[in-house]
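Have a look at the structure below, then the notes.
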Amino acid sequence: MTVTLTVWRQPGPDAQGRFETYEVHEASPDMSFLELFDVLNERLIDKGEEPIAFDHDCREGICGSCSMMINGRPHGPEMGTATCQLHMRKFQDGAQITVEPWRAAAFPIVRDLVVDRSAFDRIIESGGYITAPTGSAPDGNLILVPKSVSDTAMDAAACIGCGACVAACPNGAAQLFTAAKVMHLNLLPQGKAEKDQRVLGMVRQMDAEGFGNCTVTGSCEAVCPKEISLSFIAKMNRDYGRAILKGSG
Ligand code: SF4
Ligand code: FES
């Protein structure tokens, strides 16, 4: 396969950026999208040019670091798939592919396709934990959790913190991410003690980071590689409203 990549290049956070076009003749249908970048970068290094900076770690859809807009869509054309698990067979031979970093004011560009997503870390620090007494591990059956509740909590816990939801949102809102991180703990008995503080703390930090407001466009859910449901935003809003009414904040 031959593909033409038009890639955003920006040497630093305050530097002027520009699109650069590269033809890659060595693409194979079985290659992942990141492997295509590996091949291109090896060529650039051989020519003495700067390789394209992009984030990646696990390359198996777990860490959430492989953030790229591919033809205007976070993580590219395949539903429920992170960039590292996207294969070149999803593209036609001769395809023209435009690759950009996440577009969101709360995720400033570091270099080329790498953005600073530390705003997400600060949201998690504001409530994404439980306080549990130390000591020996309790019996697994001591705290009973209904199957439907544990399944829903696990669905929320599938969020890999990639930021695609923010990049896709016309408002740059982080509600889907924050809701997933609040609700996977708030739903479980182990998370109940700090339920109110958690939702208030994480929502306030989300606002302080400069993310936009949710207008329920649904674009976040449509691009989420873990198919996190919009319904978690409703659950988070319910818990937030209850915490405010109880005067917990
Ligand atoms: S909700 Fe989905 S799109 Fe948003 S950070 Fe989590 S996994 Fe990524
Ligand atoms: S590199 Fe870890 S999710 Fe893609």
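The values are calculated or read from the model by the stated rules, or taken from the named source; none is laboratory data. Values in this document were obtained by computation on a predicted structure and should not be read as measured data. Glycine gets a Cβ as well: all are built from the backbone with ideal geometry, and neighbour counts include every protein chain shown.
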Number of the condition not met by residue 4 [criteria: (1) farther than 20 Å from residue 73 by Cβ; (2) surrounded by 12 or more Cβ atoms within 10 Å (Cβ to Cβ)]: (1)
message: Could you go through region 9-29 and let me know if any residue there is within 27 Å of residue 165 (Cβ to Cβ), outside any loop (DSSP other than H, G, I, E, B) and either within 23 Å of the chain's Cα centre (by Cα) or within 14 Å of ligand 1 (Cβ to nearest atom) (or both).
response: yes
task: For residue 112, state whether it is under 30 Å from residue 214 (Cβ atoms) and either surrounded by fewer than 16 Cβ atoms within 10 Å (Cβ to Cβ) or more than 15 Å from ligand 2 (Cβ to nearest atom) (or both).
output: yes
task: Tell me, please, whether a residue that is farther than 18 Å from residue 102 by Cα, part of a helix (DSSP H, G or I) and within 16 Å of ligand 1 (Cβ to nearest atom) can be found in region 203-211.
output: yes
Single unsatisfied condition, residue 193 versus (1) at pLDDT below 95; (2) within 11 Å of ligand 1 (Cβ to nearest atom); (3) among the hydrophobic types (A, V, I, L, M, F, W, C): (2)
query: Looking at region 71-84, which of its residues are in a loop (DSSP other than H, G, I, E, B) and within 12 Å of ligand 2 (Cβ to nearest atom)?
result: 75, 76, 81, 82
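Can you tell me which of 103, 198 is within 24 Å of residue 53 (Cα to Cα) and among the charged types (D, E, K, R)?
103
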statement: Quick count over region 212-241, residues being more than 12 Å from ligand 1 (Cβ to nearest atom), surrounded by 15 or more Cβ atoms within 10 Å (Cβ to Cβ) and assigned to a loop (DSSP other than H, G, I, E, B), is 1
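For (1) touching a strand residue (DSSP E or B) at 6+ places or on another chain (Cβ under 7 Å); (2) surrounded by 13 or more Cβ atoms within 10 Å (Cβ to Cβ), each residue gets a yes or a no:
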residue	(1), (2)
120	no, yes
123	no, yes
137	no, no
141	no, no
154	no, no
167	yes, yes
175	no, yes
192	no, yes
200	no, yes
- line: Expected single match for under 18 Å from residue 172 (Cβ atoms) and either touching a Ser or Thr at 6+ places or on another chain (Cβ under 7 Å) or within 16 Å of ligand 2 (Cβ to nearest atom) (or both) among 221, 209 is 221
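Of the residues in region 145-171, how many are out of contact with any helix residue (DSSP H, G or I) (no Cβ under 6 Å at 6 or more places or on another chain) and touching a residue at least 24 places away in the same chain (Cβ under 8 Å)? Spell out how you get there, then give the answer.
We begin by selecting, within region 145-171, every residue out of contact with any helix residue (DSSP H, G or I) (no Cβ under 6 Å at 6 or more places or on another chain); these are 145-152, 154-155, 158, 160, 162-163, 166-167, 170-171.
Filter once more, so that each one left must be touching a residue at least 24 places away in the same chain (Cβ under 8 Å): 145, 149-150, 152, 154-155, 158, 160, 162-163, 166-167, 170-171.
Residues in region 145-171 being out of contact with any helix residue (DSSP H, G or I) (no Cβ under 6 Å at 6 or more places or on another chain) and touching a residue at least 24 places away in the same chain (Cβ under 8 Å): 14 in total.
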